[in-house]
Amino acid sequence: MGTKRKDSRGRNLRDGEDQMKNGRYRFRYTDEHGGRNAVYSWKLVATDRPPAGKKDGLSFREKEAQIEQDGRDGINSRAASKITLNDMFALYMSDKRDLKQSTATNYRYMYTHYVADSLGKKPLASIKYSTVKAFFNDLIDNRGFKPNSVEIIHTVLHPVFTLAIRDGYIRTNPTDGIIRELKKAHNWEKPKRHALTEAQQQLFIDFLSTSEIYNHWLPLFTVFLGTGCRVGEIIGLRWEDCDFTNGVISINHNLIYRVQDNGKMEFRITTPKTKAGCRTVPMLDEVRTALMAERRRQLKEGYCVDEIDGYSGFCFSNRSRHVHCPHALNSALERIRLACNEQEIRNAQRENREPVIIPHFSVHNLRHTFCTRFCENETNIKVIQEIMGHSDIGTTMNIYAEATESKKKEAFDRLEGKIKIS
């Protein structure tokens, strides 16, 4: 029977193990692909201390156990120590056929600008939960990232690590649970969108109707409030999508303004994100009137001159006869809101009443406002879902519940004193 090899402290060494002249332990093994590999450590077991001046880390036996477990689980840890996150992202994007072009462009932009030169250069095997958490905290603390931007980066990274798991490079996804912990640590709450009240909505429309400065915005914002469409659906609406004979509007595409692969902000036409996005919306009389008013304006001043990805004849354009940019619409809404509130405050003082104040809101709040008015007057949830183009009925239900809760309170206010219970 052969003599067991021992280390400098007289401890038995296993097959494949040896201690080098400098005291460092070495384990040589053959991986599943037939390649010869070796791992090293200054410690045989976890309770050992490394020599003075040497870096601490996993012990020799801990590394061996990890290699054996990787082999049983089919994890190619050797390859994972060489392939970087950047390599994995490129592989993920090269075969991601179900991503819309606009989404893929956004993914590449966010990854290139915020991940590639930092976390992206690290080997997959070195990226742990704490690594990713530190990366996100740096984005928040030093680069001013807001919750929405952090979630976009997470949305890009999570499936890349999932692919690495399926390809046998890593065992767990280091991005799992990160967003939940960040929200808790930074006390993030998703801002709740609120609809304009009936009084605020009426004040907004009345102000636009009578304002010499802002009256030209009335047709556009009437269509927002009368259809509940998304901003990309409205600014991309064409005259051929409006069936005045049958009184319906066809929603079949979006106009987006987003950074492209060339680094420039450009308009692009994209299909709705889900099948539910393709729909027809009945044309209210006020919407028909607004569209016809815009048509008459364009007959006098000229039609929209833009052609984007083969689409032309857009219903709405600015004074330069170009399609509207969403950011410009939100800026216009803020100017209108401030002017409207100033006038309302003066009127309320003169009439000795409390003013109706319109809070800050965006074009998406106009969609939410339409949906709220719809929910207040319609009980068929499926009809509401189809008109709004919600792919998830839960979204519809949340708005419906909020709207009907308000109406219940109004009903009970009217009931006060009418039921003889005391």
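The values are calculated or read from the model by the stated rules, or taken from the named source; none is laboratory data. Everything numeric here is computed off the predicted structure, so don't read it as measured data. A quick note on method: Cβ atoms are made from the backbone with ideal geometry, for glycine too, and the neighbour counts reach across all protein chains shown. We work out accessible area using only protein heavy atoms, side chains counted, and drop any ligands, DNA or RNA first. Shrake-Rupley method; radii C 1.70, N 1.55, O 1.52, S 1.80 Å.
Applying the criterion of being touching a helix residue (DSSP H, G or I) at 6+ places or on another chain (Cβ under 6 Å) and closer than 30 Å to residue 225 by Cβ to the residues of the stretch 173-200, the residue that is surrounded by the fewest Cβ atoms within 10 Å (Cβ to Cβ) is 193.
The residues of the stretch 208-240 that are aromatic (Phe, Trp, Tyr) and crowded, with 23+ Cβ neighbours inside 10 Å amount to a single one, 224. Checking each residue of the stretch 13-20 against the condition of being in a strand (DSSP E or B), exposed (fewer than 12 other Cβ atoms within 10 Å of the Cβ) and at pLDDT 80 or above gives no match.
Yes/no matrix, rows are residues, columns are (1) hydroxyl-bearing (Ser, Thr, Tyr); (2) outside any strand (DSSP E or B); (3) within 17 Å of residue 240 (Cα to Cα):
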| residue | (1), (2), (3) |
| --- | --- |
| 292 | no, yes, yes |
| 296 | no, yes, yes |
| 304 | no, yes, yes |
| 317 | yes, yes, yes |
| 328 | no, yes, no |
| 331 | yes, yes, no |
| 335 | no, yes, no |
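Could you list, ordered by first residue, the pairs with Cβ atoms under 8 Å in which the first is in the stretch 161-182 and more than 18 Å from residue 87 (Cβ to Cβ) and without any contact (Cβ under 8 Å) to a residue 60 or more places away in the chain and the second is acidic (Asp, Glu) and open to solvent by 50 Å² or more (accessible area, probe 1.4 Å), at least 6 apart or interchain? That search, which allows pairs on different chains as well, returns 179/151.
Out of the residues in the stretch 369-386 that are out of contact with any helix residue (DSSP H, G or I) (no Cβ under 7 Å at 6 or more places or on another chain) and touching a residue at least 12 places away in the same chain (Cβ under 8 Å), which is surrounded by the most Cβ atoms within 10 Å (Cβ to Cβ)? Step by step, filter the stretch 369-386, then rank; the result is 373.
Quick grid of which residues meet (1) out of contact with any strand residue (DSSP E or B) (no Cβ under 6 Å at 6 or more places or on another chain); (2) closer than 16 Å to residue 307 by Cβ; (3) open to solvent by less than 50 Å² (accessible area, probe 1.4 Å):
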residue: 242; (1), (2), (3): no, no, yes
residue: 250; (1), (2), (3): no, no, yes
residue: 260; (1), (2), (3): no, no, yes
residue: 271; (1), (2), (3): yes, no, no
residue: 277; (1), (2), (3): yes, no, yes
residue: 280; (1), (2), (3): no, no, no
residue: 284; (1), (2), (3): yes, no, no
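Within the stretch 138-152, take every residue that is in a helix (DSSP H, G or I) and open to solvent by less than 60 Å² (accessible area, probe 1.4 Å) and give me the one that is farthest from residue 97 (Cα to Cα).
First, pick out the residues of the stretch 138-152 that are in a helix (DSSP H, G or I): 138-143, 147-152.
Within this subset, residues satisfying the condition of being open to solvent by less than 60 Å² (accessible area, probe 1.4 Å) are 139-140, 147, 149-150, 152.
Details: 139: 29, 140: 31, 147: 28, 149: 24, 150: 24, 152: 19 Å.
Ranking the candidates gives 140 first.
Restricting to the stretch 21-37, name every residue that is at pLDDT 80 or above and open to solvent by less than 60 Å² (accessible area, probe 1.4 Å). Can you show your working first?
Of the residues in the stretch 21-37, the ones at pLDDT 80 or above are 21-28.
Across the stretch 21-37, the qualifying residues are 23, 25, 26, 27.
Going through 379, 404 one at a time, which residue ends up being β-branched (Val, Ile, Thr) and either under 21 Å from the mean Cα position of the chain (by Cα) or not in a loop (DSSP other than H, G, I, E, B) (or both)? Walk me through it before giving the result.
Working: 379 fails: either under 21 Å from the mean Cα position of the chain (by Cα) or not in a loop (DSSP other than H, G, I, E, B) (or both).
From the options 379, 404, the qualifying one is 404.
Is there a residue in the stretch 204-219 that is farther than 16 Å from residue 340 by Cα and in a helix (DSSP H, G or I)?
The answer is yes; a qualifying residue exists.
In the stretch 153-172, the qualifying residues are those that are in a helix (DSSP H, G or I) and open to solvent by 10 Å² or more (accessible area, probe 1.4 Å), and the one that is nearest to residue 134 (Cα to Cα) is 154.
Which of the residues belonging to the stretch 350-368 are open to solvent by 50 Å² or more (accessible area, probe 1.4 Å), of a type outside the set (A, V, I, L, M, F, W, C) and under 19 Å from residue 332 (Cα atoms)? Write out each step before concluding.
So in the stretch 350-368, the residues open to solvent by 50 Å² or more (accessible area, probe 1.4 Å) come out as 350-354, 357, 359-360, 364.
When the remaining residues are screened for being of a type outside the set (A, V, I, L, M, F, W, C), the result is 350-354, 359-360, 364.
Of everything in the stretch 350-368, those that are open to solvent by 50 Å² or more (accessible area, probe 1.4 Å), of a type outside the set (A, V, I, L, M, F, W, C) and under 19 Å from residue 332 (Cα atoms) turn out to be 359, 360, 364.
Figure legend. Inter-residue proximity from the stretch 283-309: first residues among the β-branched types (Val, Ile, Thr), second residues assigned to a loop (DSSP other than H, G, I, E, B), beta-carbon distance below 9 Å, spacing 6+ or different chains. Indicated pairs: 305/312; 305/317; 305/320; 305/321; 305/322; 308/236; 308/323.
Entry remark, the stretch 272-287: residues being under 17 Å from residue 224 (Cα atoms), assigned to a helix (DSSP H, G or I) and not aliphatic (A, V, I, L, M) number 3 in total. Just one of the listed residues (341, 347) is open to solvent by less than 50 Å² (accessible area, probe 1.4 Å), under 21 Å from residue 196 (Cβ atoms) and either without any contact (Cβ under 8 Å) to a residue 12 or more places away in the chain or β-branched (Val, Ile, Thr) (or both), and it is 347. Look at the stretch 188-199: where a residue is within 19 Å of residue 403 (Cβ to Cβ) and a partner is of a type in the set (A, V, I, L, M, F, W, C) and at pLDDT 70 or above, sitting 6+ places away or on another chain with Cβ atoms under 6 Å, you get 199/356. Checking each residue in the stretch 99-114 for being open to solvent by less than 50 Å² (accessible area, probe 1.4 Å) and either closer than 19 Å to residue 146 by Cβ or free of Cβ contacts under 8 Å to residues at least 60 places away in the same chain (or both) picks out 99, 103, 104, 106, 107, 110, 111. Scoring residue 50 on the criteria (1) under 22 Å from residue 126 (Cα atoms); (2) at pLDDT below 85; (3) surrounded by 11 or more Cβ atoms within 10 Å (Cβ to Cβ) leaves a single failure, condition (2).
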